[in-house]
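Any read-out appearing in this document is the output of simple, stated calculations on the displayed coordinates, not a laboratory observation. Quick caveat, the model's predicted, so the values are computed rather than measured. FYI the Cβ positions are ideal-geometry reconstructions off the backbone, even for glycines, and counts take in every protein chain you see.
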Amino acid sequence: MAVNEAAEAEFADPPRKWGRVGTLTAGWAIILALGAWVAPGFAASGSEENNDPRDEAATDAVGAAWSYLRYGSNEDLDRAEATLCDGADPELSPSDLDEIRQFYDEQLGGIERVDLEVGDPVPSSDGIDIAGTVSYIYQGQQRHEEFFVTVQENDGTFCVTNTVQAQDEEPSSAGTTSEAVDPQSLAADYLRAIVVDREPQAASALQCSSFSGIEAEDFDAAVADWSTTNGSTTGYLNSLEPAQSTESSITMFDAEVKLDGELNIETFAFQLGVQGDCVASLEGGDGLI
């Protein structure tokens, strides 16, 4: 995700172990009720017959990917290790995920919580691929890392065979044509830059020259005003779904953002248009803008 120059000076790049695998799969569902998928609690009884549900094998691909990223990023490395298939040697091991967490712990001055969002399973030649984003949060600041997890089924249960870290694609020295932009990923990056990272200048850089509607700076100012009334605020992109468009050249999305303040929590609806490799329009935000 793009950041402004001040942020680049303050936050160095985290450890990288793998290059770009490609643009996030278009249309993967953004599950952003962050923290809503909570592992079941411990059994009430101390009997040995009552096992911790977190130690049970995943019964679907999304659950396996979620468990690996969640436990590996939340200092529960034994449970992350247990999610791996027998003999699996992932490019990003649980200790590598913990190293990335430690990097952000040092850069942010601490980590209050780690949130996770995962996408829809996509069949591949290696099994089932699932995209995931881990968010490291401290005092209203958030940093994100994107991952791709490969899962396989084994007798009705699912386990992880590989996990890699997404990176921005390096420019080609051969001058080849760049990969097409995924409109949904671009729309998500745009809204996150404003609401989550509070970097309106980075969002403005994604706007088309013919952009119309709510400017990124005005959106950011509205969030700042809301925070003044409702206390320290953390912003989320709750959902981003394709919508009907009246112009064939523009891809429209319905988005919902959530502002979680000390005194209040509210959600606001927006309509976002993407044209080619830039954001063409932003409307909505009733009650906020």
- Mind ordering 118-127, 155-164, 59-68 by average Cβ neighbours within 10 Å, highest first? 59-68, 155-164, 118-127
- Would you mind estimating how fast the range 183-284 diffuses translationally, via Stokes-Einstein at 37 °C and 0.692 mPa s with the Kirkwood radius over Cα pairs, in µm²/s? 242
- Message: For I214, I265, I194, which order do you get if you count the other beta carbons within 10 Å of each Cβ and list the fewest first?
- Response: I265, I214, I194
- Give me the distance in nm between label points sitting 7 Å out from Cα along the Cα-to-Cβ direction at Y138 and E153, one decimal. 4.2
- Note on the structure: Note on the range 183-284, DSSP bridge orientation, antiparallel percent to nearest 5 equals 90
- Message: Using the basic label-point model (7 angstrom from Cα toward the beta carbon), what is the E215 to T228 distance in nanometres?
- Response: 1.8
- How about the range 213-286: which GluC sites (Glu not before Pro) there are in a DSSP loop, with at most 14 other Cβ atoms within 10 Å of their Cβ? E247, E262
